[in-house]
Structures are given as C-alpha cells and as structure tokens.
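Data block below; observations after.
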Amino acid sequence: MYAVVSDDGGETWTLPRPTRLIGHRPTLGLSASGRLLVTYRNVGPDPGTAAWMGSVEELLSDFAVAGRIPQPEHAHQTDDGLVIENPAGTTHGARFALRPLTYPQRALARLTATVRVDAADRQACGIRFGGAWWRLYPDRLEVADHAPIPYAPGRFHDIGLSYTRGSVTLSLDGERRARIRVDARDANTRPILWGTPSTTEENAGRHIWRSVTLLTREPRYERRYAWEWSFRDGLPDAWSRGHVLELDNDRQAACGDFGYSGWVELPDGRFFCVYHHGGGDAADYEPDKSSHIRGVWFTEDDFA
C-alpha cells in the first residue's frame, strides 16, 4: 500500500511512498484523538479485513513484514532457529511476505537465507523470489525449468538469490549454482516470500530458519530498502502482529469477495466498522459469487 501526501490543501503532492501495510481499498480518517485510522482489505499472507491506527509518520516509515501462522505451533522458536513445522494437510502452512519489487523492469535485489530442511512435501518449504518458487528439500533445491540442485542433507545451507532486471542467479554455500530468466514485466515477478509455498495443497514438512536478509534498489524511484532478520529477533512479522488489528479473517475466500469497509466513531469513543466478507470457510461458499455484510465494534485500546 502506497501513500501520497499534500501539505498545501491538495495543490501539490509528494511522490508515492510505501507504507507499512499490505492492502487494498483503504478507508482512512482522523479519530477524535487525532490518530489516523485505516481499515482495509488485507491481502498479505493471512487475508481478511484489517485495521491500523497510529501517526502519519509511523505509517510512512516504510514496509513492515506480514506473516501467516495459523497456529502457534506451526512456527516456534528453538535454540537452532525458527522452526516451521506443518502436519499433514493443506491449511497449516506458515509464510512471510517481504518488501515486494515495485518496478521489476529496473529493480535490483539480493536475498540471503540460512536454512535447514528436515522433511518437506513439494509445497512445504521455499523462497518466492524473482517470479519463481525456489523449493527446498532435505537434499536438494528445485526451481522450474532447471535440473535439481543437490546439497548435503542434515545441515544448514546458505542460500543467495540475486535479481537484476529479469535475471535471477542462485548461489549455494557461496558457490554459484544456477541462473534463470524471468519476465520482468509480469506482476508475479514482484512478490518476495519465504516459508510454505502453498496454503491450499499438501505441505507437510519441517524446516528451520536462522536468518533472512533482503536488499532492494529501485533506481526509477530512487529507493533503497534493507531488511535483516535473525531468529533471535523473534518472529519476522512482529511489528504487524503488534500493530495491525484483524477485524475478520477470510483466508479461504477469493480476494475480491472481502475487504471493502467503512467506519464511524461514536460519541463514546467506540468505532463501528461495516465490511463485506466472503465467508470462504462456509460450505455454500462460491468464489466471486458469495459475500456477506458484517459489522464489528472496536476501540483505540484494542490497538495497544
């Protein structure tokens, strides 16, 4: 989600700036206390309708990682690293969304990760980078249209991925191992994620992450973004977990079936938000055909 700001009543505007949120259809305004409230369609890894409250300066302090952890035991800290452990099934996958590329035709990016894979179905463990899923298994790495790349099982490996205007290069434990071409004009080249590739297919597995870093440069927008994470820092999406209020989860619905919202502040300080909700977990749900109108109360204290 991006924002433009005017300091002269709309006569002039700043260039678009990234906000801390991943979302569509924001409805924003000032509360009686002077804080900015935004309700929106959350299109991060755990979609639904969400709200955020704070200052303009905080909103514009660049991107914050968003995550999906269906149950606490699906991603937990150990002395070795952050363990993502999915039981058999299709709905347990944990994943994290990093800062996407704005304009892949000119962007430059570098991602590194230190990870060990103990067990993995095809959709259990991977990194989405440069328009492709780099799938990780206990003894190999796979990416579409390339031969499997073997590595020693039972140990941590250093993965490096570099993107330059439609070209992605893989290094494994410091050695260059693969190079692929991708469509820099395709919107699917923008997302950067790690964890479970699919949240709708069999994704049983166990993988341990020690660190992830991301550096991107966007010459067209004169932007530079750097993010570093170690498992000792806690969950990668800690800021979003502590500041974004989930009003309703709709992770099984099609994106267009939820998330339009409007809100009002009552004289007693409560907020009432009305939004549309797909109900993707209902037995009679039909993508692009089902939707409900719901409402929810909340207060500023819910953001504490």
Quiz prompt | Output for the range 65-92, where each listed residue is surrounded by fewer than 19 Cβ atoms within 10 Å (Cβ to Cβ) and either within 26 Å of Arg217 (Cα to Cα) or of a type in the set (Ser, Thr, Tyr) (or both) | solution = Thr78, Thr90, Thr91
Self-check item: Failed condition for Asp118, given (1) at pLDDT below 95; (2) part of a strand (DSSP E or B)
Solution: (1)
Quiz prompt | Considering residues of the range 160-200 that are farther than 18 Å from Arg99 by Cα and under 20 Å from the mean Cα position of the chain (by Cα) only, the residue most open to solvent (accessible area, probe 1.4 Å) | solution = Thr200
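For the range 30-58, what are the residues that are free of Cβ contacts under 8 Å to residues at least 60 places away in the same chain and not aliphatic (A, V, I, L, M)? Even if it seems obvious, please write down each step before you answer.
Kept after step one, since they are free of Cβ contacts under 8 Å to residues at least 60 places away in the same chain, are these residues of the range 30-58: 30, 34, 36, 38, 55-58.
Scanning the range 30-58 gives Gly34, Ser55, Glu57, Glu58.
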Practice problem: Please specify each residue of the range 211-265 satisfying the condition of being within 19 Å of Tyr2 (Cα to Cα) and basic (Lys, Arg). | Solution: Arg217, Arg220, Arg223, Arg224
Self-check item: Cβ-Cβ under 6 Å pairs, at least 6 apart or on other chains, the range 62-80 side within 13 Å of Gly93 (Cβ to Cβ) and touching a residue at least 12 places away in the same chain (Cβ under 8 Å), far side surrounded by 14 or more Cβ atoms within 10 Å (Cβ to Cβ) and of a type outside the set (A, V, I, L, M)
Solution: Gly67/Pro45; Gly67/Phe96; Gly67/Asp237; Arg68/Pro45; Arg68/Asp46; Arg68/Arg95; Pro70/His92; His74/His92
Quiz item: Would you pick out the residues in the range 281-302 that are over 18 Å from Gly262 (Cα atoms) and open to solvent by 100 Å² or more (accessible area, probe 1.4 Å)?
Solution: Asp281, Ala283, Asp284, Asp288, Lys289, Asp301
Quiz item: When Trp209 is evaluated against the numbered criteria (1) open to solvent by less than 90 Å² (accessible area, probe 1.4 Å); (2) in contact (Cβ under 8 Å) with a residue 24 or more places away in the chain; (3) over 30 Å from Leu108 (Cα atoms); (4) part of a strand (DSSP E or B), which criterion, by number, is the only one it fails?
Solution: (3)
Exercise. Using the structure shown, decide if Leu98 is of a type in the set (A, V, I, L, M, F, W, C) and either under 15 Å from the mean Cα position of the chain (by Cα) or modelled with pLDDT under 95 (or both).
Key: yes
Self-check item: Selection within the range 132-159 - in a loop (DSSP other than H, G, I, E, B), under 25 Å from Tyr103 (Cβ atoms) and among the small types (Gly, Ala, Ser)
Solution: Ala144
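Counting only residues that are acidic (Asp, Glu) and out of contact with any Pro (no Cβ under 8 Å at 6 or more places or on another chain), give me the strands (runs of 3 or more DSSP E) lying completely in the range 216-304 with at least 1 of them. Before you say what the answer is, go through the steps one by one.
Values: elements: 223-230, 244-249, 261-265, 271-277, 292-298.
Fully inside the range 216-304 and qualifying: 223-230, 244-249, 261-265.
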Quiz item: Conditions: (1) in contact (Cβ under 8 Å) with a residue 24 or more places away in the chain; (2) open to solvent by 20 Å² or more (accessible area, probe 1.4 Å). Pro150 meets all but one. Number of the miss?
Solution: (1)
Practice problem: Find the residue count for the range 25-38, including only residues that are open to solvent by less than 20 Å² (accessible area, probe 1.4 Å) and in a loop (DSSP other than H, G, I, E, B). | Solution: 1
Quiz item: Identify, please: which residue in the range 168-193 is touching a residue at least 24 places away in the same chain (Cβ under 8 Å) and among the small types (Gly, Ala, Ser) and is, among those, nearest to Ala107 (Cα to Cα)?
Solution: Ala184
Quiz item: From the list Asp183, Asp248, which residue is among the acidic types (Asp, Glu) and closer than 22 Å to Ile22 by Cβ?
Solution: Asp248
Exercise. Tell me, please, whether a residue that is closer than 21 Å to Phe258 by Cβ, assigned to a strand (DSSP E or B), of a type in the set (Lys, Arg) and open to solvent by 30 Å² or more (accessible area, probe 1.4 Å) can be found in the range 6-24.
Key: no
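The values are calculated or read from the model by the stated rules, or taken from the named source; none is laboratory data. All values derive from a computational prediction rather than experimental measurement. Methodologically, a virtual Cβ is constructed for each residue, glycine included, from the backbone with ideal geometry; neighbour enumeration extends over all protein chains shown. All accessible areas refer to the heavy atoms of the entire protein, side chains included, with ligands and DNA or RNA removed. Shrake-Rupley method; radii C 1.70, N 1.55, O 1.52, S 1.80 Å.
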